[in-house]
Amino acid sequence: MTKVGSRHRPTSQPQPPRSRNHPTSRSPQGNSRHQDQQQTGKFVRDNGLSLVLVGLFVLFLVGQTFSGWLHYNEGQQQHRQPQVGLFEYIRTGSYGEAVFENWESEFLQMGLYVLLTTFLFQRGSAESKDPDKSDEPETGGFDAEDAPRG
Amino acid sequence: VKKGGLVCKVYSHSLSIAFAILFALSFAGHALWGVKAYNREAVQHGESVRSVWEYIGSSQFWFESFQNWQSEFLAILAIVVLSIWLREKGSPESKSVMAPHSKTGG
């Protein structure tokens, strides 16, 4: 019932810069509370992109669930049907359909994007390989010489 | 030099600015065409029509928006996280096949 529309070109790589040694984190006899804080700080810095994406995903999924529930009950009311509880709504076909129709299109999009970019180019795009460099030497080193080892 | 500085400043964020504009236009399009579709059905069922602002405040509008938004972030999350351990040979979205999991960036 709802449109699935979605076009999002991802920024392709995880970006957190890999500063292994935080300059201030080198105190050898720092108390453990301080070390815990530093470790938490490092964890957040190393994984911030995924953490924020998880947060936004959960936020909007919860938003969808609640607004979808209200919307569903509006329809029930208009058709003189009984109101349903939140968990009852989650078990309805409309909730599952709304979730999976979008996930389906996302994974189709992302999967095809990964595959299409292996052999299609867009000159000048940061998302594309360079069409002038045929047989990319740096991507995919899993070739004859490396292969037999496992 | 001053003026060039401003142009340069804008240009250095032009990609996100362009996406912000596209988002705003699409959001408006969603509301305008959404209320049109809603009102057409409302008339057919003998119910009261809504203004655009009422429609933007409705559960239907936010249900549709959140439905799309959550899945977008799931998709980006998937590529970010899965590309740590999984590979697609020859794709600029992937690390090289032999790259260690600890390697960051293309």
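The values are calculated or read from the model by the stated rules, or taken from the named source; none is laboratory data. If you're wondering where the values come from, they're calculated on a predicted model, not measured in any experiment. Cβ coordinates were reconstructed from backbone atoms using ideal geometry, including for glycine residues, and neighbour counts include every protein chain displayed.
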On the given criteria, is B:Ser26 within 26 Å of A:Glu104 (Cα to Cα), within 12 Å of another protein chain (Cβ to nearest Cβ) and out of contact with any His (no Cβ under 9 Å at 6 or more places or on another chain)? yes
Quick check on this structure: which one of B:Trp85, B:Trp69, B:Trp62 is within 19 Å of A:Leu49 (Cα to Cα), under 18 Å from the mean Cα position of the chain (by Cα) and modelled with pLDDT of 95 or more? B:Trp69
Take the residues in the range B:38-67 that are loosely packed, with under 12 Cβ neighbours inside 10 Å and of a type in the set (A, V, I, L, M, F, W, C); name whichever of them is nearest to the other protein chains (Cβ to nearest Cβ). B:Val43
From the list A:Leu108, A:Leu112, A:Leu56, A:Leu116, which one is assigned to a helix (DSSP H, G or I), modelled with pLDDT of 90 or more and at the interface with another protein chain (Cβ under 7 Å from one of its Cβ atoms)? A:Leu56
By residue number, the members of the range B:85-106 that are surrounded by fewer than 17 Cβ atoms within 10 Å (Cβ to Cβ) and more than 7 Å from chain A (Cβ to nearest Cβ) are B:Trp85, B:Leu86, B:Pro100, B:His101, B:Ser102, B:Lys103
